[in-house]
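Worksheet: the structure to be examined is printed underneath.
The values are calculated or read from the model by the stated rules, or taken from the named source; none is laboratory data. Not measured: the values here are computed from a predicted model. Note that each Cβ is placed from the backbone with ideal geometry, even for glycine, and that neighbours are counted across all protein chains shown. Just so you know, the surface numbers come from the protein's heavy atoms only, side chains and all, with ligands and any DNA or RNA stripped out. Shrake-Rupley method; radii C 1.70, N 1.55, O 1.52, S 1.80 Å.
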Amino acid sequence: MKFTYTVRGAEGTRTSARPYTHAVIGRRSGPKVADAMQTRHDAEWPFEEKRARNRYSVYVRNAKSSVGGLRINHSGYVTQCKDYEIELAKEAVERAPSADAYVAEKKLEALSAIERMRAEGIGDLLVLSWHHSRELAENALRQIEWAHTDVRVVPCVAGPTTKKARP
């Protein structure tokens, strides 16, 4: 059975009938998430670039392999080449004829994902989490606010109002 709770205009559905005393509500913020993604990308790019170069060298080896042939994978283990690995490798090598081109493609993919997130904008008011005490809700708020805006802890009136949700 599902129960729908309404807290200050934000609706959320729970499968438990337990009474919650507080909720964290807010709006998802595409720009805040994009900023966090950009910061992480900038910090981790040297490692990711090295990983992409290693992956490309594995793709080049796999593209030259035959099904069932032995090869050394990216972890250094000897394995048999599977048909889908060979196809994936051939596609990657066709798209990017060199390691530099492959790295540039991966960087462009990451930056495009960041821009898509930034363009997402601000979402609707949502119940982000439910809690049995104000202290728990405030702890959750500190963990949630990096990706949301208008985040706040609100009490659930009369140990929240419950009604059976539509199927």
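Once every Cα of the stretch 59-162 carries one equal point scatterer and solvent is ignored, give the base-10 log of I(q)/I(0) from the Debye formula at q = 0.11, 0.14, 0.18, 0.24 Å⁻¹, two decimals. Debye intensities relative to I(0), on a log10 scale: -0.66, -0.73, -0.90, -1.24. The 3J(HN,Hα) values that the Karplus relation (6.51, -1.76, 1.60; θ = phi - 60°) gives for the stretch 136-151 are, in residue order, 5, 5, 5, 5, 5, 4, 5, 7, 9, 5, 5, 10, 9, 10, 6, 7 Hz. Gly and Pro appear as x. In this rough spin-label picture, where each label sits 7 Å from Cα along the Cβ direction, the V67-R142 distance is 5.6 nm.
Using the Karplus relation 6.51 cos²θ - 1.76 cosθ + 1.60 with θ = phi - 60°, the per-residue 3J(HN,Hα) values for the stretch 109-123 come to 4, 5, 5, 5, 5, 5, 5, 4, 5, 4, 6, 4, x, 9, x Hz, with x marking Gly and Pro.
Using the Cβ-Cβ distance between L88 and R134 with R0 set to 35 Å, the FRET efficiency from 1/(1 + (r/R0)^6) comes to roughly 0.10. Taking amide H as placed 1.01 Å from N in the peptide plane, the amide H of C156 sits under 5 Å from that of H22, A23, each at least 5 places away or on another chain. For the stretch 80-96, putting each phi into the Karplus relation 6.51 cos²θ - 1.76 cosθ + 1.60 with θ = phi - 60° gives couplings of 8, 6, 9, 4, 5, 5, 5, 4, 4, 5, 4, 4, 5, 5, 5, 5, 10 Hz, in residue order, rounded to whole numbers and with x for Gly and Pro. Spin-label pair V154-R116: with each label point 7 Å from Cα along the Cα-Cβ axis, the two points sit 3.1 nm from one another. With the simple spin-label model, which puts each label point 7 Å out from Cα in the Cβ direction, the D42 to D124 separation comes to 3.5 nm.
For L128, the residues whose amide H sits under 5 Å from its own are V24, I25, G26, ignoring neighbours fewer than 5 places away on the same chain, with H placed 1.01 Å from N. Share of carbon and sulfur in the accessible area of the stretch 18-167 stands at 55%, probe radius 1.4 Å. Close amide H contacts of H148 (hydrogens built in the peptide plane, cut-off under 5 Å, sequence separation of 5 or more or a different chain): S29.
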